[in-house]
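One structure is given here, and the rest of the page talks about it.
The values are calculated or read from the model by the stated rules, or taken from the named source; none is laboratory data. Since the structure is predicted, the reported quantities are computational estimates derived from the model, not experimental observations. As a convention, Cβ positions derive from the backbone with ideal geometry for all residues, glycine included, and neighbour counts pool all protein chains shown. Protein only, heavy atoms only, side chains kept; ligands, DNA and RNA dropped before computing areas. Shrake-Rupley method; radii C 1.70, N 1.55, O 1.52, S 1.80 Å.
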Amino acid sequence: MTESRRPARRSRRGPGDRNNKPRQARRPSPAEAGLDPARLAARDVLRAVRERDAYANLVLPALLRERRLDGRDAALATELTYGAARAQGLLDAVIAACANRAVTEIDGALLDTLRLGTYQLLRTRIAPHAAVATSVDIVRGEFGHGKSGFVNAVLRRVAEKPEEQWVAELAPDPARDPVGHLAFRYAHPEWIAKAFAVALGPDAGELEEVLAADDARPVVHLVARPGVITAEELALATGGEIGPWSPYAVHLDAGGDPGKLDAVREGMAAVQDEGSQLVARALTLAPLGGPDRGRWLDLCAGPGGKAALLGALADIDGGTVDAVEPVEHRAELIRKSTRGLPVTVHVADGREPGLEPGYDRILVDAPCTGLGALRRRPESRWRRNPGDVAELVRLQKQLLASAIGLLRPGGVVLYATCSPHTSETLAVVADAVRRHNVEQLDTRELVPGVPRLGDGPAVQLWPHRHGTDAMFMAALRAPAS
Ligand SMILES: C[S@@+](CC[C@H](N)C(=O)[O-])C[C@H]1O[C@@H](n2cnc3c(N)ncnc32)[C@H](O)[C@@H]1O
């Protein structure tokens, strides 16, 4: 991040032009007030996230379009929004230390701007005076001098020390609490860092790399629709690079909106993490007892990323896919993403979908905490709490049991989560193996060519090792007869 403060844009319309109203009769627009549009957009998204539980990665693109921000403004707004949303816990600890009060005692509207300013001061190369002045301007424009004085005072204290020094002062002692220290330093809730350490097991020494990977800006992954375009052709068409593991993956390094790419608009490609591509492909590669008659099921299919890949692969061999999703608007997304493919969408609960048993292959891409995709969902680490896990695990076990009941003899179910939390992964699979007559396959063989998959039989992908989301998958096969 090399952005420094630029002169604020001025409106071309003279202040007072509209409706010929006198100058003093209306508030100046943000541009007229000299407010930086990128920072204002970032502040507004942070506010929507805090007040309405909005998703930053949905609100920001819409807001950039609405305000016609592009180029450097869009890049700066994106960096500041996602960066501040990810780092919230660390930013709040520093703000609390500088304000001499808990952040819960600070007016939320001021806190958004303080987070934005603190992020710029600690984690970007934006000149400190610019970070402070633009934050103060935003607050002064909305609340007046008194509150902007408070923001000014807090941010000036933040600016006294670099991030490392704040971490050294505020984080738990690394000798006594190494996981707590890393969690603080890499801005993760401690329970999530602990869950990652447990999932890494003997490789827990890699925890710092996992946490750091979560904070890196994620590369956009595209999937080339099989039978329509190859990854090579897609890479050429988009200027991207072929992904290392999935035969359909292309990585886009450049920023910008992938939805505007011709290949994506024309349905030849879609945005999909390479790990998700590997999950869908693994289901198709699993060895069945007996021949594959091409009757496949995606039991938790919304919004349809994997259903679309499965549908395209099924189409090549004349197979079909049933896709189940209980939430109507997510079912509609599946219909859109699988248009033209042999996929039938069922709005139903996967625990009792009302489908005829006898499937050759079933994917259970279970609802989960999403702890494996934190880099793509900036605010989610601060929204989730440990109490979410037990309820999800109950649902995951029920969905997996339902899937096993829908298999034909010799059929395979692939259980997957975008979470590495072992309660959602290994424990759910162990429970299924204990309760049901299924054999666990070596899932590593279903992701050929991918290194560092551990001792099996399940597969845990990691952002720091594979550049994918931390997808988990385990294949279970029903006895042949
Ligand atoms: C991890 S997402 C699946 C992502 C999807 N496979 C893809 O690649 O786009 C889990 C989905 O399960 C759905 N879900 C939640 N409860 C469910 C249930 N009882 N039965 C089936 N699906 C359910 C959620 O609405 C969500 O769309």
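Of the residues 443, 422, which is touching a residue at least 60 places away in the same chain (Cβ under 8 Å), out of contact with any Gly (no Cβ under 8 Å at 6 or more places or on another chain) and among the hydroxyl-bearing types (Ser, Thr, Tyr)?
Being touching a residue at least 60 places away in the same chain (Cβ under 8 Å), out of contact with any Gly (no Cβ under 8 Å at 6 or more places or on another chain) and among the hydroxyl-bearing types (Ser, Thr, Tyr) holds for just one of 443, 422, which is 422.
Determine whether residue 313 is within 12 Å of the ligand (Cβ to nearest atom) and either in a helix (DSSP H, G or I) or not assigned by TED's automatic domain parsing to the domain that holds residue 372 (or both).
So residue 313 fails the test.
Just to be sure, is residue 308 among the aliphatic types (A, V, I, L, M), within 12 Å of the ligand (Cβ to nearest atom) and in contact with a Lys or Arg (Cβ under 6 Å, 6 or more places away or on another chain)?
In short, no.
Within segment 338-375, how many residues are at pLDDT below 95 and of a type in the set (Ser, Thr, Tyr)?
The number of residues fulfilling the criteria is 0.
If you scan segment 324-353, which residues turn out to be assigned to a loop (DSSP other than H, G, I, E, B) and of a type in the set (A, V, I, L, M, F, W, C)?
Residues satisfying the conditions are 327, 341, 347, 348.
In the list 349, 322, which residue meets the criterion of being more than 8 Å from the ligand (Cβ to nearest atom), out of contact with any helix residue (DSSP H, G or I) (no Cβ under 7 Å at 6 or more places or on another chain) and among the acidic types (Asp, Glu)?
322
Does segment 270-304 hold any residues that are near the ligand (Cβ under 7 Å from one of its atoms) and assigned to a helix (DSSP H, G or I), and which are they?
Answer for segment 270-304, where residues must be near the ligand (Cβ under 7 Å from one of its atoms) and assigned to a helix (DSSP H, G or I): just 276.
Which residues, taken from segment 375-417, are more than 14 Å from the ligand (Cβ to nearest atom), closer than 21 Å to residue 200 by Cβ and not basic (Lys, Arg)?
Passing the criteria: 386, 389.
If I ask for residues that are within 24 Å of residue 338 (Cβ to Cβ), touching a helix residue (DSSP H, G or I) at 6+ places or on another chain (Cβ under 8 Å) and not in a helix (DSSP H, G or I), which ones from segment 228-242 would you list?
228, 229, 240
Consider residue 333 carefully, then state whether it is outside the structural domain of residue 55 (by TED's automatic domain parsing), surrounded by 16 or more Cβ atoms within 10 Å (Cβ to Cβ) and under 21 Å from residue 408 (Cα atoms).
So residue 333 fails the test.
For segment 424-481: of the residues being of a type in the set (Ser, Thr, Tyr) and modelled with pLDDT of 95 or more, which is nearest to residue 221 (Cα to Cα)?
Filtering first and then ranking leaves 468.
Select, from 408, 394, 452, the only residue that is of a type in the set (D, E, K, R), in a helix (DSSP H, G or I) and open to solvent by 20 Å² or more (accessible area, probe 1.4 Å).
394
Would you check which residues across segment 354-366 are within 13 Å of residue 298 (Cβ to Cβ), open to solvent by 20 Å² or more (accessible area, probe 1.4 Å) and either in a loop (DSSP other than H, G, I, E, B) or not assigned by TED's automatic domain parsing to the domain that holds residue 420 (or both) and list them?
Within segment 354-366, just 355 meets the criteria.
Taking interchain pairs and intrachain pairs at least six residues apart, which have beta carbon atoms under 8 angstrom, with the first residue in segment 354-381 and in contact (Cβ under 8 Å) with a residue 60 or more places away in the chain and of a type in the set (Asp, Glu) and the second in a helix (DSSP H, G or I) and more than 10 Å from the ligand (Cβ to nearest atom)?
Note: pairs meeting the criteria are 379/49; 379/56; 379/85; 379/86; 379/88.
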